[in-house]
1. Averaged over every viewing direction, what's the projected area of the C-alpha convex hull for the range 92-208? Give it in nm², one decimal, please.
2. Give me the net charge for the shell around I114: Cβ to Cβ below 12 angstrom, other residues only, Lys and Arg +1, Asp and Glu -1.
3. Around L78, under 12 Å between beta carbons, what's the net of Lys plus Arg minus Asp minus Glu among the other residues?
4. Equivalent ellipsoid semi-axes for the range 150-199, as square roots of 5 times the alpha carbon gyration tensor eigenvalues: give them largest first, rounded to whole Å.
5. Could you calculate the contour length gain from N116 to L38, that is, 0.36 nm times the residue separation minus the distance between their Cα atoms, to one decimal place in nm?
6. What net charge is computed for the residues neighbouring Q172, neighbours being all others with C-beta under 15 Å from the C-beta of Q172, Lys and Arg scored +1, Asp and Glu -1?
7. Grab the Cα-Cα distance for V176 and L220, subtract it from 0.36 nm times how many residues apart they are, and report the gain in nm with one decimal.
8. Once R0 is set to 45 Å, what does the formula 1/(1 + (r/R0)^6) return for the Cβ-Cβ distance between A59 and A142, expressed as a FRET efficiency to the nearest 0.05?
Amino acid sequence: MTSRISNDRPTTPVGAQPAQAPSTAPFEINYGLSLGELFGVIRKRLWVIALVTLGLMGAAIGFGLIQTPVYEGSIVILIGQEEPTDNAGQLQGEIAGLQQITQTMVEGVASRPIANAVIERLGLQTTPGEVQKNLRAEQIGATQFIKVDYIDASPEEAQRIANTVGEVFSEQVSEVSPSASSIRAEVWQWAEVPDKPVSPKPRRDGLIALAVGVLLGVALAFLLEHLDDRWGSFEEVERILKVPAFGAIPEYKVPRGKE
């Protein structure tokens, strides 16, 4: 009895490996960019970076130019004691205590009673809240000095109010502790008429806007490049798809009259 092999079915010789089916897995895409490609993206999107930077700089400088100049008058107040001790150990402890008291005094300088007294003495047409908003006091390091700043649209008024704050505060501290060993406050450095405004500063604002604009522009340029799914060259096709590129089909537009 003989058997017949159908020619309709392919046969595989013994010991031969079956043919590998073509891989249907998607291409592995690598988006890593070299240093040259990074600079290429920047050159390509340079108009975006320039537009964002110039826009921010123009807005910052323009906003500064329309603002009213503000001046700052500054004084320095010293917190001390009427009759300090002669003992070295006690003196060191008293100095440390005065430094801690100075922290409390900072809050007193910018308080509502001081603002009310300044308004009454100078006859200002304003509110205590407005004076407090323009008044700033801070301890200078771990010392007994308090720096007091007052800002105003008038340089003369900034000086006058700052000096008056020092006078009023010194008087009220003396009234609160009238004993021989009481705490006292005196103006160590009086305010002078400021010759330059503290705000606005268009040049400084423009430089800050320049730095921020460049950073935002570069970030936007790379974002646009990431969202752009077009391939710009054969090298980019080969790098992303990892297959050789043999040619390109040119874009052709049909004339309207021949559609």
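1. The Cα convex hull of the range 92-208, projected and averaged over all directions, gives 9.1 nm².
2. -2
3. +1
4. Largest first, the range 150-199 gives 29, 9, 7 Å.
5. 21.9 nm
6. That works out to -3.
7. 9.8 nm
8. With R0 = 45 Å, the Cβ-Cβ based efficiency is 0.65.
Only the coordinates and a few stated rules stand behind these numbers; no lab work does. All of these numbers come straight from a predicted model, not from anything done at the bench. When we count neighbours, we look across all protein chains shown, and the Cβ atoms used for this are built from the backbone with ideal geometry, even at glycine.
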